[in-house]
Amino acid sequence: MDVSVHEKNPDGTLKELHRPSGGPWGGTNVDNHYIAWMTNLFGRNAIKELTGDFMADYLYMLREFENKKRTVTPDLNQTITLRITSALNEKCKNIESQIARLNLDKDVNILKDKIRVSADIAKSWFQESIDGTICHLTEILSEPTMEDVTSILLVGGFAESKLMQDAVKTAFRERTVIIPEEAGLAVLKGAVLFGHRPRLVSSRCVSFTYGYCVSRPFDDSKHTPEQMCIDSYGNRKVDNCFRKVVEIGTSVDVGKDINALSTLILQKDEKMPLYIYASTDRDPEYTTDPSCTKVGELNTGRAHGETYDDNRVQVYFTFGDTELKATVKFLKTGKVVSKTIDCL
């Protein structure tokens, strides 16, 4: 389940107000609870053999459940009927005793190739997904910057669930909940529309803190001797430091250059790639921190100057729809080197 928050601009484009977020609370999680329940009922070995030797029957069982999910509504008070494949039925000769052992006599009934399950059990398969979704939406909408959000749009296959629709409408009565026709196809239609109008989203909230690797002056009070190195200018330095350009959650205009707050000094007579990193922390100190991941590198070439000013460059990041463009400009010569990195 994914959540994003947008504001519609006067020109029809969208401004992203909150970085995309979410969790494992979609329709697949409902399927997992159903499979877990069936495994508990029929036994782990029976389901394992079904997936190993009778995959077609197992897939049929899932498709059957996919159709039945839409019939589970808030006001459902009768049993739902699901077909059991012959392969599964043959592996469970003592299923009646298993039902009794699990105290499910009043909730489960098996007749030949059908299993009837009470409404309460069927609804329980959805509960974790619904609770997780409502909790996450509540956290986002309780943020001060979200107080002007007036509408909630539900799309995707799970948006067609009446249980989910009812839960969202109940939890957020003060907001308008919109469920388009064929909500399951809305995501696909949106992807096609975005392909034709790639600038539909004019600004985004970055999902990570982006920066690049630099060396900083060695500090005896802060750094260990093992961290010290000598650069090509003869200065004591510490490698693998993170220089932040954009902080996680920051709104950036698509296609607009963002320059690093300070310039970078290239090393003399050395090829010095610009290593670009993303981090889940707001202010990482080193690129070797567990939160940091290298997303790309830009070959700046060899710096031939003798002084800091000769080899000083400005770094720019430009965010696109699904990519990040890194640019290095040599301030003395005006030379520009750039590279586009796919962030998907």
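The values are calculated or read from the model by the stated rules, or taken from the named source; none is laboratory data. The model shown is predicted, which means the values in this text are computed figures rather than measured ones. Side chains included, ligands, DNA and RNA excluded: accessible areas come from the protein's heavy atoms. Shrake-Rupley method; radii C 1.70, N 1.55, O 1.52, S 1.80 Å.
A few comments on the model shown:
- Only helical runs count toward this figure. For the chain, summing -39,500 (n - 2.57) over DSSP H runs of n ≥ 4 and dividing by all residues gives -9000 deg cm²/dmol at 222 nm.
- Cα gyration tensor shape of segment 207-344, rounded if a/c is under 1.5, else prolate or oblate by comparing a/b with b/c: oblate
- Centroid-to-centroid separation of segment 5-60 and segment 229-249 [C-alpha atoms, Å]: 43
- Accessible surface, the chain, averaged per residue in Å² (probe 1.4 Å): 56
- By the Kirkwood approach, averaging reciprocal distances over each pair of separate Cα atoms, segment 56-215 gets a hydrodynamic radius of 19.6 Å.
- Here K68 is the anchor, and the lysines within straight C-alpha reach of less than 20 Å, apart from those fewer than 8 places off in the same chain, are K112, K114, K123, K162.
- Selected from Y233, Y34, Y277 as most flexible by GNM, with the chain as the system and alpha-carbon contacts under 10 Å: Y233
- Of every Cα-Cα pair in segment 261-304, the percent that sits beyond 12 Å: 66
- Cα centroid separation, segment 273-344 to segment 121-180 (Å): 40
- Size-normalised alpha-carbon gyration radius of segment 77-148, reference 2.2 N^0.38 Å: 1.71
- For segment 31-135: rounded, prolate or oblate by the Cα gyration tensor [a/c cutoff 1.5]: prolate
- Percentage of interatomic Cα-Cα distances in the chain larger than 40 Å: 39
- Relative contact order [Cα under 8 Å, 6+ residues apart], segment 190-328, whole percent: 27
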